[in-house]
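Worksheet: one structure, shown below.
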Amino acid sequence: MAIDYPNVFKNILGNSQAAGKSISLQVVLSDPRLSSVRTETSKKHLKSFISQNTQYIGVVEGLLPDDRVLIHIIEARIGGKINEANVVSANRECAEIVKSAAKPVLKTYVQETLSGNLNGNQLRISVADLIDFLLDEYEIFSRGAGNSLVSTAGRMNEKLLMECLKGKGLIENRDFTRTGTKSDADIIIHSSAGAKPRLGVEVKSYHARERLLRGLKDVTGPKVGAGYFVDEKEFNESHTQALIQANAAAVYLPQQTLAKIDQKIRDMRAFVPIAVNSRFYRPIESFASDMSEFCVKGKLPTI
């Protein structure tokens, strides 16, 4: 007999929701009514069910709906379509949604793995034991259950910028392309000007550290970096010089972070042809507008 997935999930999740409690993904998937099918099949149906019944988002620990549904939820929270003016706010809302799914999973994992080190809600552990935990047990966890949530967050960082591009009239797979995991850039912007140059976009989240520089070095041809960076201290003079020497045309970051960077550093210039003598740091709030101009002219606007 075929499984009536919607009815099974409504029953399981409805009971948890009514009790004001969340339920682990493992508990849902181990329900006897799903025993005749593979776990991955049940998980696929559960994700589809939650995507179509958004009132249950947050009831299953560690499970998020489809990306398209996440976009709709974010837009509802910020009160409008995602665009370059509100993309930083959209990113914050997205981060909260992902954290709400991740926190119960991480809490359960810590409580189970470090139960011998818990005293009520207080964790008591030596530095040596903590390092062993992070390098062994947690490293394995992060590549498994934790990795899917990290992957969602990274993927959504890119998709929010793509929504901004669409808002400027750019068409996916014509004016821009989201690349695969083995590509040398996260997004490629296509231009119709001259020799039809392509611009690689390396997208990061909240911290640049060495990852932004390393990522930009791996991108061939014209390239820019973009991220929702929160720490202006990461963009000191020496690091900025290194980014410029990686032949990046620009790095986009939130205006709020950009405003805190020393004026001398903000005045540093790019020297690559598509942005020659323009300020290297640009607000992410103008990212989509700049990409729109690149599509037409093959260059970034001069600032």
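With contacts taken as Cα pairs under 8 Å and at least 6 residues apart, the chain reaches a relative contact order of 13 percent.
The slack in the chain from Ser36 to Asn236, taken as 0.36 nm per residue of separation less the alpha-carbon distance, amounts to 66.2 nm. Between Phe271 and Lys107, the contour length at 0.36 nm per residue exceeds the Cα-Cα span by 54.2 nm. Measuring nothing but how far apart in sequence close Cα pairs (under 8 Å, 6+ apart) lie, relative to its length, the stretch 165-293 scores a relative contact order of 19 percent. Once you divide the Cα radius of gyration of the stretch 70-218 by 2.2 N^0.38 Å, the number left is 1.33. Between Val296, Ile125, Ser16, the Cα set farthest toward the positive side of the dipole of the chain (charges on each charged residue's Cβ, about the Cα centre) is that of Val296. Every Cα-Cα pair in the stretch 4-50 was counted, and those over 14 Å apart are 45% of them.
Pairs with C-alpha atoms separated by more than 18 Å, drawn from the list Lys44/Lys166; Lys168/Lys297; Lys99/Lys168; Lys10/Lys43, are Lys44/Lys166; Lys99/Lys168. Summarising the label geometry, the points placed 7 Å from Cα in the beta-carbon direction at Ile3 and Asp262 lie 6.0 nm from one another. Under the simplified labelling scheme, the Arg155-Val27 pair shows an inter-label distance of 2.6 nm, with each label point 7 Å from Cα along Cα→Cβ.
Sort the stretch 253-297 into rounded, prolate or oblate with this rule: let a ≥ b ≥ c be the square roots of the eigenvalues of the Cα gyration tensor; rounded if a/c is under 1.5, and if a/c is not under 1.5, prolate when a/b is larger than b/c, oblate otherwise. Since a/c reaches 1.5 but b/c is at least a/b, the shape of the stretch 253-297 is classed as oblate. Sorting the Cα pairs of the stretch 66-134 by distance into bins of 5 Å, from 0 upward, gives 3, 14, 18, 14, 10, 9, 10, 12, 8, 2 percent per bin.
Placing dummy labels 7 Å off each Cα toward the beta-carbon, the span from Glu210 to Lys10 is 5.4 nm.
Between Glu172 and Asp218, the contour length at 0.36 nm per residue exceeds the alpha carbon distance by 14.2 nm. The calculated Kirkwood hydrodynamic radius for the stretch 180-303 is 14.2 Å, given to one decimal from all distinct C-alpha pairs.
Here, each number is a calculation from the coordinates, and none is a lab measurement. These numbers come from a predicted model, not from an experiment. Neighbour counts are summed over all protein chains in view; Cβ atoms, including those assigned to glycine, are modelled from backbone coordinates with ideal geometry.
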